[in-house]
Amino acid sequence: MMNRIYLDNAATTAVAPAVLEAMLPYFTEVYGNPSSIHATGRTAHKAVDQARRQVAAAIGAQPQEIYFTAGGSESDNWAIKGTAFARQSKGNHIITSAIEHHAVLHTCAWLEKHGFEVTYLPVDAFGRVDPADVEKAITDKTILISIMAANNEIGTLQPIREIGAIARAHKVLFHTDAVQAVGAIPLDVNELNVDMLSMSGHKFHGPKGIGVLYIRKGVRIDTLIHGGAQERGLRAGTENLPGIVGIGKAIELATANLAENAARMTALRDKLIDGILERIPDVRVNGHRTERLPNNCNVSIRYIEGEAMLLRLDLAGIAGSSGSACTSGSLDPSHVLLAIGLPHEIAHGSLRLTLGTDTTEQDIDAVLDTLPGIVSDLRAMSVLNEHTTTVSGFCPYPGGRKPAGA
């Protein structure tokens, strides 16, 4: 059987063995409902409380500020919709960025249909939001700012601390989607000046189907699911006990050796990026070169489609992803790549390789030995090759010629 290399950890991660071990008893032995008053239920309730403390400790929060959800998308929806409807008597304006995850963008678009106004801030060529733009966008009707901590596609880190300080100065609530950042970079909700923070367990070697929304004490948002009194009456439904235990253990493990793991992955990430740039011509790095997630490599390779590249890599035993949305039935490439100014033809040739805790230097070497040949083969078949200036009236470069150094 082929020895496969998994470099799609931004999409999901493997459950860590220690996390699985911690979860197993809560499927078969301690399976009580945490709301039950008998001994089995009380034991389950203690496990939920323990996980709440583990999550809180990892982000500098208080346990009572941690609310368990079904994942990052639910947390984003709850933070944004819950704030919008709880504060609509104060205003109807929300500020976000053009490169947010669709869990934020689609939620904001839905709110626009219900009388809310949304400002979608632009980003620079590296995918960074300018805090000055945030401040300029604030009006007397602004009730929420939602800016992600780190972009899920290009890995760029946002100036969350500065934006949070601006939000606080203007008495506007601030939410950050930290789904990609948790377990990758240090996060402290007090230092970052955030009022709400979303995370998802399966992004840092926890189970799928479990997430968290941090809500700062004193912040009032609308109830997400009506019913029982779970999650202090704000999200009804019997708790996902194994998942909650899993996310607690996962975040404890992810933050225990954060600096060491980040340094190791940063070195491997840079080796991968540098190797691609050295071995393949006509490549650009997407996102900020240094202010980016330790495990994120995102490049655009001219003259080929990202989807074809992914299929060839998969045949070679390497799993990655692309900014191209062709496989989902859309002809448009990633909204993130378009927002940083890439033309469609270059954005379509994007490749995202995201490392994990078990990624080795040998894995990186294997990718660097394999990818150039794949690119060369695909370019030889492409109508948009380096010798082509126009194809059916289309030019891959402005002005009809390849710029110097491109």
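For segment 232-316, which fully contained helices (runs of 4 or more DSSP H) count at least 3 residues that are within 21 Å of V375 (Cα to Cα) and touching a residue at least 60 places away in the same chain (Cβ under 8 Å)? Please lay out each step first, then the result.
On the way: elements: 241-256, 258-279, 306-315.
Qualifying helices (runs of 4 or more DSSP H): 258-279, 306-315.
Can you tell me which residues in segment 10-24 are exposed (fewer than 15 other Cβ atoms within 10 Å of the Cβ), in a helix (DSSP H, G or I) and either over 24 Å from the mean Cα position of the chain (by Cα) or among the aliphatic types (A, V, I, L, M) (or both)?
A18, E21
Given the structure, is T327 open to solvent by 20 Å² or more (accessible area, probe 1.4 Å) and at pLDDT 95 or above?
Working: open to solvent by 20 Å² or more (accessible area, probe 1.4 Å): yes; at pLDDT 95 or above: no.
Criteria not met by T327.
Consider segment 278-304. How many of its residues are under 23 Å from the mean Cα position of the chain (by Cα) and surrounded by fewer than 17 Cβ atoms within 10 Å (Cβ to Cβ)? Full working, then the answer.
Initially, segment 278-304 is screened for residues under 23 Å from the mean Cα position of the chain (by Cα), giving 284-301.
Cutting the leftovers down to surrounded by fewer than 17 Cβ atoms within 10 Å (Cβ to Cβ) gives us 284, 289-291.
Here the count works out to 4.
Please list, ordered by first then second residue, the pairs with beta carbon atoms under 6 Å, 6 or more apart or interchain, first in segment 34-57 and of a type in the set (S, T, Y), second at pLDDT 95 or above and buried (at least 21 other Cβ atoms within 10 Å of the Cβ).
none
Give the number of residues within segment 186-214 that are open to solvent by less than 10 Å² (accessible area, probe 1.4 Å) and not in a loop (DSSP other than H, G, I, E, B).
Adding up the residues that qualify gives 10.
For segment 173-185, check the following and say yes or no: at least one residue is on the phi > 0 side of the Ramachandran plot, touching a Lys or Arg at 6+ places or on another chain (Cβ under 8 Å) and outside any strand (DSSP E or B). Break it down into steps so the answer makes sense when it comes.
From segment 173-185, those on the phi > 0 side of the Ramachandran plot are 183; that's our starting set.
Next cut, touching a Lys or Arg at 6+ places or on another chain (Cβ under 8 Å) only: 183.
The next check asks that each one be outside any strand (DSSP E or B); those that pass are 183.
Looking through segment 173-185, at least one residue is on the phi > 0 side of the Ramachandran plot, touching a Lys or Arg at 6+ places or on another chain (Cβ under 8 Å) and outside any strand (DSSP E or B).
How about segment 31-51: which of its residues are part of a loop (DSSP other than H, G, I, E, B) and surrounded by fewer than 17 Cβ atoms within 10 Å (Cβ to Cβ)?
Y31, N33, S35, S36, I37, H38
Among the residues of segment 80-108, what is the count of those that are assigned to a helix (DSSP H, G or I), open to solvent by 10 Å² or more (accessible area, probe 1.4 Å) and either closer than 11 Å to H175 by Cβ or among the charged types (D, E, K, R) (or both)?
So the answer is 1.
Report the residue count in segment 89-122 for those that are of a type in the set (A, V, I, L, M), touching a residue at least 40 places away in the same chain (Cβ under 8 Å) and over 22 Å from A11 (Cβ atoms). Spell out the reasoning first.
Residues of segment 89-122 that are of a type in the set (A, V, I, L, M), as a first pass: 94-95, 98-99, 103-105, 109, 111, 118, 121.
Keeping just the survivors that are touching a residue at least 40 places away in the same chain (Cβ under 8 Å) gives 94-95, 98-99, 103-105.
Next, only the ones that are over 22 Å from A11 (Cβ atoms) stay: 94-95.
The qualifying residues number 2.
Of the residues V118, V134, V129, which single one is farther than 22 Å from S321 by Cα and either open to solvent by 10 Å² or more (accessible area, probe 1.4 Å) or among the hydroxyl-bearing types (S, T, Y) (or both)?
Working: V134 fails: either open to solvent by 10 Å² or more (accessible area, probe 1.4 Å) or among the hydroxyl-bearing types (S, T, Y) (or both); V129 fails: either open to solvent by 10 Å² or more (accessible area, probe 1.4 Å) or among the hydroxyl-bearing types (S, T, Y) (or both).
Of V118, V134, V129, the one residue that is farther than 22 Å from S321 by Cα and either open to solvent by 10 Å² or more (accessible area, probe 1.4 Å) or among the hydroxyl-bearing types (S, T, Y) (or both) is V118.
Checking G399 against (1) at pLDDT 95 or above; (2) surrounded by fewer than 18 Cβ atoms within 10 Å (Cβ to Cβ); (3) out of contact with any strand residue (DSSP E or B) (no Cβ under 7 Å at 6 or more places or on another chain), which single condition isn't satisfied?
Evaluating G399 over (1) at pLDDT 95 or above; (2) surrounded by fewer than 18 Cβ atoms within 10 Å (Cβ to Cβ); (3) out of contact with any strand residue (DSSP E or B) (no Cβ under 7 Å at 6 or more places or on another chain) leaves (1) as the failure.
The values are calculated or read from the model by the stated rules, or taken from the named source; none is laboratory data. Since the model is a prediction, treat every value here as computed from it, not as a measurement. All Cβ positions, even for glycine, are placed from backbone atoms using ideal geometry, and neighbour counts span all protein chains on display. Surface areas here come from the heavy atoms of the whole protein model, side chains and all, with no ligands, DNA or RNA. Shrake-Rupley method; radii C 1.70, N 1.55, O 1.52, S 1.80 Å.
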